[in-house]
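No lab work stands behind these numbers, since they all come straight from the coordinates. Here the structure is a predicted model, which means the values were calculated and not measured. Ideal geometry is used to build each Cβ from the backbone, glycine not excepted, and the neighbour counts take in all protein chains shown.
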Amino acid sequence: MKELSLIKTRNVKEADKLIDYLLNRPKTEMVGLGLIYGPPGLGKSRFAKQKAIMEDYIYLRLEANMTAKSFAIKLLEVIRYHLGMSQVKIRGTANEIFNRTLNILKNYDNIVIIIDEIDYAFRSQKILGSIRDIVDETLSVVILVGMTDAKEKLLLADSHYFDRCNYFCEFKEITESDIKSICSQISDVKIEDSIIRIIKQKTKGNIRKLIKALYSIETNAKNNNLSVFGIEQLKSLEIM
Ligand SMILES: Nc1ncnc2c1ncn2[C@@H]1O[C@H](COP(=O)(O)OP(=O)(O)OP(=O)(O)O)[C@@H](O)[C@H]1O
Ligand SMILES: [Mg+2]
């Protein structure tokens, strides 16, 4: 199986539109805040990480036990790293550290910060407030990435603010045409068109499950010296 960093699925194309929209917005009139959300295994984090590598964006993943202070420290660290600034030990209160970050960001107008696992911030008004300040007080684009209910939860947490979120992009089940293109790009075995629909049903349009299924298909094909995989071979595969 070949490893491809970012296959252009329908979701990836839609999320590209979100970034284009926010980068090209009238900066003084609109805040640069967007949200990517959807069920597990559809490629939200893969998109976020790969875009950050490819386009030199800042990628930050929230963690389960993050506090306002550990968030402020991590954010300042990744921003300093991104800008090639020296990494001195970070001291001070959460507010002091966060204000240092804001002051740095105010000097730039094209920084994109992607914050993954935003769901962990829903229980911390302070972290959400800090993100709001970045969006309000700087020209940075901030893209939040979260689970299916992230949109409702953000609005519940702070409706005054987050209904100003300028672009929402929901990741949906991958399409049959995505599956066909993924199979042809990464699989060393030829997957017949006749089984694409079945693969979609079994993997529920989830890329994580699809990759696992393709790995089983390849292993089975290798063990049986097959170069093409069709409906008969699929029947013998337990996971399908
Ligand atoms: N565009 C893509 N190109 C190549 N592989 C992908 C792509 N999207 C997803 N994958 C594969 O699917 C796996 C799951 O994707 P990812 O972790 O990004 O899902 P997620 O939507 O962030 O899920 P969760 O909500 O559980 O965090 C990845 O580890 C990768 O193997
Ligand atoms: Mg993820």
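Some notes on this structure:
- Under the span-like rule (Cα at least 18 Å along the axis, Kyte-Doolittle mean at least 0.0), DSSP H helices of the chain: 68-82
- Anchor Lys126: lysines whose Cα lies under 26 Å away (excluding residues fewer than 8 positions away in-chain): Lys27, Lys44, Lys49, Lys69, Lys74, Lys89, Lys106, Lys151, Lys153
- Cα centre as origin, Lys/Arg/Asp/Glu Cβ charges: region 10-170 dipole, Debye: 400 debye
- Whole-number percent relative contact order across the chain, with pairs defined as alpha carbons under 8 Å at least 6 apart: 28 percent
- By the count of neighbouring beta-carbon atoms within 10 Å, fewest first, Thr219, Thr28 end up ordered Thr28, Thr219.
- Around the amide H of Ile111, modelled in the peptide plane, lie the amide H atoms of Val141, all under 5 Å away and 5 or more residues distant in sequence or on another chain.
- Largest to smallest principal axis extent of the C-alpha atoms in region 10-170, angstrom: 42, 31, 30
- Nearest-0.05 FRET efficiency for Leu23 and Lys2, computed from C-beta distance (R0 22 Å): 0.10
- Of the GluC sites (Glu not before Pro) found in region 1-67, the ones in coil according to DSSP and having at most 13 other Cβ atoms within 10 Å of their Cβ are Glu3, Glu29, Glu63.
- Close amide H partners of Leu144, meaning residues 5 or more places away or on another chain with modelled amide H under 5 Å apart, are Gly34, Leu35, Ile36, Ile115.
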